[in-house]
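The values are calculated or read from the model by the stated rules, or taken from the named source; none is laboratory data. Just so it is clear, the model here is predicted, and its values are computed rather than measured. Note that we place each Cβ from the backbone using ideal geometry, even for glycine, and neighbour counts take in every protein chain shown. Remember, those area values only see protein heavy atoms, side chains included, never the ligands or the DNA or RNA. Shrake-Rupley method; radii C 1.70, N 1.55, O 1.52, S 1.80 Å.
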Amino acid sequence: MNRLTLPACALAAALLAGCAAPPAPTAATAVVAPNANLVVQGIPPVPQRLADAISRYNDFRGHSFADWHPTQREMLVSHRKAGANTAQIFRVSQPGAEGEPLTDGADPVTRASYEPRTGKYIVFERASGGNEVGQIYRLPLDTPGAQPVLLTRPDERHAINTWLRRSGQLVYSSVPIDRTAQGGTRSKVSTTLWLMDPEQPEGRRKLAELDGGGWAAGRPSPDERLLTLSRYLSANESQVWLLDLHSGVPKQLLPAPGGSEAKATYSPAGWTPDGRGMWITSDRAGEFRELMKLDLASGRIDRVSSHIPWDVSGVTLTQDGRRLAAQFNVDGRHELHFFDAATAREVPAPAALPAGNVGAASFHRARGELAFSVSNAQGPSQIYSLAADGRVEQWTRAAAAPGMDTSGFSEQRVVRWKSFDGTPISGLLTTPPKRFTGKRPVLISIHGGPESQASVGFLGRNAYFVQELGMALIQPNVRGSSGYGKSFLAMDNGFKREDSVKDIGALLDWIAAQPGLDASRVLVMGGSYGGYMTLAVSTHYADRIAGAIDVVGISHFVTFLNNTESYRRDLRRVEYGDERDPAMKAHLEKISPLTNAARIKKPLFVIQGKNDPRVPYTEAEQIVATVRQGGTPVWYLRAENEGHGFQKKDNQDYQFYATVLFMQQTVLK
């Protein structure tokens, strides 16, 4: 296992040993050496000319909204600046202003929040090497050159939850990291909620210790006596609780304990100004998650968005409780809808909103100005603001390599096909420019989750496959994907796992029927659960694909469930099945790609982070070794300083170079 291939004898050794000195590399022979953190097996040398051709597509840099300043018109954003390896936090003082860098380091920072009274400091989360063991730091803003102060214990996984704004105290959660989790030795997982003054972290106070790992605190009540809690049990079931901040006693609110309601999802979205009501989202009334309003005294729940037949995916309220903005996931495109919170009726959206897929949205507490992000086929996420009078201003602008023009990038469109049992399945199709003629090779890119969703927006580097290689890109939303109703979401659970794989089989049939697509040149790729799907397609449909790229994928469900971090294990058992049940264990053994690895006959490329707490690197190692034993070519790329997917640009670059090289040797011959 070599990190890189070295010449047989270097110049000095050559002179001593009598070898001829190797010729100096030329433009035609120069190669890209992997960095010291990459383990490379079976991957041919990457030509420098290939990297040069790709380089324009390696530097798209958008912005993600993090927080508004509590009193001033400025915000925190996450962004990777030119020449940097990771995304960091920047302060943007006004629309169009250049961001002031606040954090720096080898690991990315994407989540941060201002101190809620004066904004004199920020707190932010950062993990190390992709291990997802998040730590919380305080960074003073009124002291030039100040360094971040660690606030939390490194042997626990921490997350910023919310603030008590009157006192300026932070509510955060902690979950112990089970260093002996391999093999399922931890008997109990718990989440502890803490209250801390970030300027005096030693005085933190325990609010509650809660069973399980699916807890998070939401906003406190207007009088800051109660704290909303979300308890995630599965993609199809969640609860709302209330925590008394004085007594520390939690009480289940929704669904009402002891009731006979069917499983449903509930999530708190905000309080009414008088504290007597609460906005929630729930799918209790039908297939989709709706915006609803709960009267706390009577328990009455009023449906507010039943006229919109799609999931609500985000809610934000003005401080005075008069206006509400909600995002709805409309067939893979997130759209903003606006409501009069007093009447709970929808009002027209401003006509000037930029087109695209809406990301985070948040009202400024003092000004009532709405910040929101938008991405589309022509560019990555950018941040805008919407004033109460309907005026829209752009705060950030995307950056790209010099001379890179994205205005002509192909749009995604929704396509649909019928699966083996008649279930309608949809996906996003991006076709190459018209200069590419004849039947085009196809890349099927499968999302993770499994309850995630392929949604419209900027393809980033993947646009290279379409714009420069002439490949058609299909992003399927197989059964089990979110956004299409709770019944569809549950159609792949437990013993029905392989039905989602059959959805890809039906997609292969659909591709074969399309006059512009080449069914003999299909490559399948996916990450996380999409990596499992990629491996499963490789075992079921080896004769119908040209190759597969598995990124941090599950290769065997039983070993995965035994070795994933303990705080995730029970949540994953609900989705995949409980391996402690003999019948389910036998089923999981039977369908796992590792069990069926002898059927993988087409070239395989496996990509993995060594520090992955979700899908441990052993899942990659065992499928690589087993498939190689069968004689099938396997490329393997592992990053020693990454986790569940590569986040550092230098690692991402090499992964992309190798991916294009793999395509050239499979579907682009």
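Structure notes:
- Ile545 being buried (at least 24 other Cβ atoms within 10 Å of the Cβ) and either at positive phi or touching a residue at least 60 places away in the same chain (Cβ under 8 Å) (or both): no
- Gly203 meets each of the listed conditions (1) open to solvent by less than 20 Å² (accessible area, probe 1.4 Å); (2) without any contact (Cβ under 8 Å) to a residue 12 or more places away in the chain apart from (1).
- Filtered residues of segment 488-516 (kept if in contact (Cβ under 8 Å) with a residue 24 or more places away in the chain, open to solvent by 30 Å² or more (accessible area, probe 1.4 Å) and more than 30 Å from Thr437 (Cβ to Cβ)): Met491, Asn493, Phe495, Glu498, Asp499, Lys502
- Test result for Arg628, farther than 30 Å from Arg231 by Cβ and in a helix (DSSP H, G or I): yes
- Extreme residue, farthest from Arg56 (Cα to Cα), among residues of segment 380-392 that are out of contact with any Asp or Glu (no Cβ under 9 Å at 6 or more places or on another chain) and surrounded by 13 or more Cβ atoms within 10 Å (Cβ to Cβ): Val392
- Checked against the criterion of being over 17 Å from Trp417 (Cβ atoms), crowded, with 23+ Cβ neighbours inside 10 Å and either modelled with pLDDT of 95 or more or of a type in the set (Ser, Thr, Tyr) (or both), the candidates Gly485, Gly527 yield just one match: Gly527.
- Scanning segment 143-173 for residues that are under 13 Å from Glu199 (Cβ atoms) and more than 29 Å from the chain's Cα centre (by Cα) yields Thr143, Ala146, Ser167, Gly168.
- In segment 306-348, the residues that are within 23 Å of Ala366 (Cα to Cα), part of a loop (DSSP other than H, G, I, E, B) and not small (Gly, Ala, Ser): Thr318, Gln319, Asp320, Arg322, Thr343
- Residues satisfying the stated conditions in segment 303-312, i.e. open to solvent by 60 Å² or more (accessible area, probe 1.4 Å) and either of a type in the set (D, E, K, R) or modelled with pLDDT under 95 (or both): Arg303
- Applying a threshold of 8 Å to beta carbon distances and a minimum spacing of six or more residues, or different chains, the list of pairs starting in segment 84-97 at a residue that is within 30 Å of Gly129 (Cβ to Cβ) and part of a strand (DSSP E or B) and ending at one that is open to solvent by less than 30 Å² (accessible area, probe 1.4 Å) and charged (D, E, K, R) reads Arg91/Glu74; Val92/Glu74.
- Looking across segment 330-347, the residues that are open to solvent by 60 Å² or more (accessible area, probe 1.4 Å) and acidic (Asp, Glu) come down to Glu335, Glu346.
- Enumeration of residues in segment 209-227 that are basic (Lys, Arg) and surrounded by fewer than 16 Cβ atoms within 10 Å (Cβ to Cβ): Arg225
- When Ala235, Ala216 are checked against the criterion of being among the hydrophobic types (A, V, I, L, M, F, W, C) and modelled with pLDDT under 95, a single residue qualifies: Ala235.
- Residue within segment 574-590 that is among the small types (Gly, Ala, Ser), assigned to a helix (DSSP H, G or I), modelled with pLDDT of 95 or more and farther than 30 Å from Arg440 by Cα present: yes
- Residues of segment 132-159 satisfying the condition of being open to solvent by 20 Å² or more (accessible area, probe 1.4 Å) and part of a loop (DSSP other than H, G, I, E, B): Glu132, Leu141, Asp142, Thr143, Pro144, Gly145, Ala146, Gln147, Pro148, Arg153, Pro154, Asp155
- Residue list for segment 583-609, filter: more than 23 Å from Leu523 (Cβ to Cβ), open to solvent by 40 Å² or more (accessible area, probe 1.4 Å) and either in contact with a Pro (Cβ under 8 Å, 6 or more places away or on another chain) or in contact (Cβ under 8 Å) with a residue 24 or more places away in the chain (or both): Lys585, Glu589, Thr595
- Residues in segment 75-98 that are open to solvent by 20 Å² or more (accessible area, probe 1.4 Å) and closer than 19 Å to Leu370 by Cα: Arg91, Ser93, Gln94, Pro95, Gly96, Ala97.
One line per residue, one yes/no per condition, for (1) aliphatic (A, V, I, L, M); (2) under 17 Å from Gln327 (Cβ atoms):
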position: Ala361; (1), (2): yes, yes
position: Arg365; (1), (2): no, no
position: Ala377; (1), (2): yes, no
position: Ser385; (1), (2): no, yes
position: Arg391; (1), (2): no, no
position: Thr396; (1), (2): no, no
position: Thr406; (1), (2): no, no
position: Phe409; (1), (2): no, no
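- Scanning segment 348-377 for residues that are of a type in the set (Lys, Arg) and either open to solvent by less than 40 Å² (accessible area, probe 1.4 Å) or within 11 Å of Phe65 (Cβ to Cβ) (or both) yields a total of 0.
- When restricted to residues that are more than 24 Å from the chain's Cα centre (by Cα), within 22 Å of Thr659 (Cα to Cα) and assigned to a helix (DSSP H, G or I), segment 462-510 contains 2.
- Scanning segment 260-302 for residues that are of a type in the set (Gly, Ala, Ser) and buried (at least 23 other Cβ atoms within 10 Å of the Cβ) yields a total of 2.
- Gln327 meets all of the listed conditions (1) touching an Asp or Glu at 6+ places or on another chain (Cβ under 6 Å); (2) under 30 Å from Gly427 (Cβ atoms); (3) open to solvent by less than 30 Å² (accessible area, probe 1.4 Å) but one, namely (1).
- For Asn562, the conditions (1) in a loop (DSSP other than H, G, I, E, B); (2) open to solvent by 10 Å² or more (accessible area, probe 1.4 Å) all hold with the exception of (1).
- Any chance Asp104 is on the phi < 0 side of the Ramachandran plot, without any contact (Cβ under 8 Å) to a residue 24 or more places away in the chain, more than 21 Å from the chain's Cα centre (by Cα) and in a loop (DSSP other than H, G, I, E, B): yes
- Boolean, Gly129 is buried (at least 17 other Cβ atoms within 10 Å of the Cβ) and among the small types (Gly, Ala, Ser): yes
- Candidates Leu243, Leu233: the one that is among the hydrophobic types (A, V, I, L, M, F, W, C) and surrounded by fewer than 17 Cβ atoms within 10 Å (Cβ to Cβ) is Leu233.
- Leu429 meets the conditions (1) touching a residue at least 24 places away in the same chain (Cβ under 8 Å); (2) touching a Ser or Thr at 6+ places or on another chain (Cβ under 9 Å); (3) not in a loop (DSSP other than H, G, I, E, B) in every case but one. The failed one is (2).
- Those residues of segment 399-426 which are in a loop (DSSP other than H, G, I, E, B), open to solvent by less than 50 Å² (accessible area, probe 1.4 Å) and in contact (Cβ under 8 Å) with a residue 24 or more places away in the chain, in sequence order: Ala400, Ala401, Met404, Thr406, Phe409, Ser410, Ser419, Thr423
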